[in-house]
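Everything on this sheet refers to the single structure shown next.
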Amino acid sequence: MAAVSRPVANLHLPSVTKRAPWQDRPETRISNWISLWDFEEPIDAGLIGAPYSSASISASGAAGGPEAVRMAFRYNTTYTPDWDTDIKDLTVRDLGDIGGHLTDVSIAHGNIEQAVRDALTISGPFVPVIVGGDHSITAPAVRGFAAANAGKKIGIINIDAHYDVRVTDWGPHNGTPFRQLVEGGVASGKNVVELGIHGFMNASYYRQWANEQGITTITGRDVHKRGMEACILEALGIAGDGTDLIYVSVDIDCLAYPWAAGTSASSAEGLSAWDLLEAMYICGQHPNVAALDVVEIDPTKDVHDQTARSGCSTILTFLAGLYRRIYGDRGY
């Protein structure tokens, strides 16, 4: 394979490139469909790995998340009968992995911010799909996204078991990204939605702080009672009220145990896989949703790639929605 130039600082070739060993003539395997980007071809979406988990509260192997997702894509094809959509006409490319730092969180986060900003400004616009890494990568990723879209107001939807608005006494770790973004003025609290929050894993103080900032909470129980379609449409309305773009972050621990064994803090009260996929399909269709990240996939805790495959389905269902956004009712 010819060498590919890397014009974005701190953005390196992916740690692994997996090709599906075979595919039937009428089908397209995701591993054979997503190829490396040359940083010139117009693309609809770009996969960016952020393999960093040294800012995690608990011991984490989530740095292996991007590699696990790339490997698990070999199970997937471009067609989903659930939404009767074949995404093969989308142009989706792999931009590679952002380099971290062995000992300095601030340098690692700076690398992420710079790489996301530069990747989004080097060519025409595209939707970044960022795979972490722990949830600390979201704060610098959103800052880079905002810098690349200077002058535009950003709304945020966090689909998560946890608020991730902890105090920053211990620095910018994976429990603080949304406090950082609100206190840093990157997003107004009134345009931030915490969706799927559940379990005995959050302090009442976090809810109180969120309320004081104008952040909206939609709990896992709300989703169970009202249905995800109603909840995600409410979230999109709030995040999009007076903003130009919406950034969606998915912590895989939003899911209940069966779908998220490979993460640090899933629980029985979590969302079902169908809840999350319904949200992804709707978000992909929304005209203002301009970025997605999926974080906290830890292959060192996973069982038979199940959590990595949940991450793949999350990303691909979002892309199915994006396909519908671009092509309308034409499924294939």
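For this structure, a couple of remarks:
- Flag for residue 241 being within 21 Å of residue 191 (Cα to Cα) and not in a helix (DSSP H, G or I): yes
- Being at pLDDT 95 or above and buried (at least 18 other Cβ atoms within 10 Å of the Cβ) is not true of residue 161.
- Any hit, the stretch 62-77, residues being β-branched (Val, Ile, Thr), closer than 19 Å to residue 311 by Cβ and surrounded by fewer than 23 Cβ atoms within 10 Å (Cβ to Cβ): yes
- Set 184, 240, 199: member being of a type outside the set (A, V, I, L, M), within 23 Å of residue 52 (Cβ to Cβ), in contact (Cβ under 8 Å) with a residue 12 or more places away in the chain and surrounded by fewer than 22 Cβ atoms within 10 Å (Cβ to Cβ): 184
- The condition (being in contact (Cβ under 8 Å) with a residue 12 or more places away in the chain, surrounded by 22 or more Cβ atoms within 10 Å (Cβ to Cβ), aliphatic (A, V, I, L, M) and in contact with a Ser or Thr (Cβ under 8 Å, 6 or more places away or on another chain)) is satisfied by just one residue among 115, 141, 108, 119: 108.
- Just one residue in the set 133, 99 is surrounded by 23 or more Cβ atoms within 10 Å (Cβ to Cβ) and touching a residue at least 60 places away in the same chain (Cβ under 8 Å); that residue is 133.
- Here is the figure for the stretch 35-55: residues that are assigned to a loop (DSSP other than H, G, I, E, B), over 10 Å from residue 126 (Cβ atoms) and under 17 Å from the mean Cα position of the chain (by Cα) total 3.
- Of all residues in the stretch 76-92, those that are within 18 Å of residue 314 (Cβ to Cβ) have Cβ atoms under 7 Å from Cβ atoms of residues that are among the acidic types (Asp, Glu), 6 or more apart or on another chain, in 77/27; 78/86; 79/86; 90/44; 92/44.
- Some residue of the stretch 37-46 being of a type in the set (Phe, Trp, Tyr) and on the phi > 0 side of the Ramachandran plot: yes
- Residues being among the acidic types (Asp, Glu) and surrounded by 13 or more Cβ atoms within 10 Å (Cβ to Cβ) - total across the stretch 1-53: 3
- Conditions (1) farther than 29 Å from residue 326 by Cα; (2) aromatic (Phe, Trp, Tyr); (3) at pLDDT 95 or above: number failed by residue 257: (3)
- In the stretch 164-181, residue surrounded by the most Cβ atoms within 10 Å (Cβ to Cβ) [restricted to those that are under 17 Å from residue 137 (Cα atoms) and among the charged types (D, E, K, R)]: 164
- Scanning the stretch 164-173 for residues that are at pLDDT 85 or above and not hydrophobic (A, V, I, L, M, F, W, C) yields 164, 166, 168, 172.
- Any chance residue 252 is crowded, with 17+ Cβ neighbours inside 10 Å, within 29 Å of residue 60 (Cα to Cα), of a type outside the set (Gly, Ala, Ser) and under 16 Å from the mean Cα position of the chain (by Cα): yes
- The strands (runs of 3 or more DSSP E) found wholly in the stretch 86-185 and carrying at least 2 residues that are under 22 Å from residue 300 (Cβ atoms) and in contact with a helix residue (DSSP H, G or I) (Cβ under 9 Å, 6 or more places away or on another chain) occupy 92-98, 127-132.
- Among residues of the stretch 207-228 that are outside any helix (DSSP H, G or I), those with a beta-carbon under 9 Å from a residue that is surrounded by fewer than 15 Cβ atoms within 10 Å (Cβ to Cβ) at least six positions away or on a different chain give the pairs 217/211; 218/226.
- Some residue of the stretch 136-154 being at pLDDT below 95, of a type in the set (Gly, Ala, Ser) and touching a strand residue (DSSP E or B) at 6+ places or on another chain (Cβ under 8 Å): no
- So residue 257, is it in contact with a Leu (Cβ under 9 Å, 6 or more places away or on another chain) and surrounded by fewer than 19 Cβ atoms within 10 Å (Cβ to Cβ): no
The values are calculated or read from the model by the stated rules, or taken from the named source; none is laboratory data. Quick caveat: nothing in here was measured; it's all calculated off a predicted structure. Positions of Cβ are backbone-derived with ideal geometry, glycine not excepted, and every protein chain shown enters the neighbour counts.
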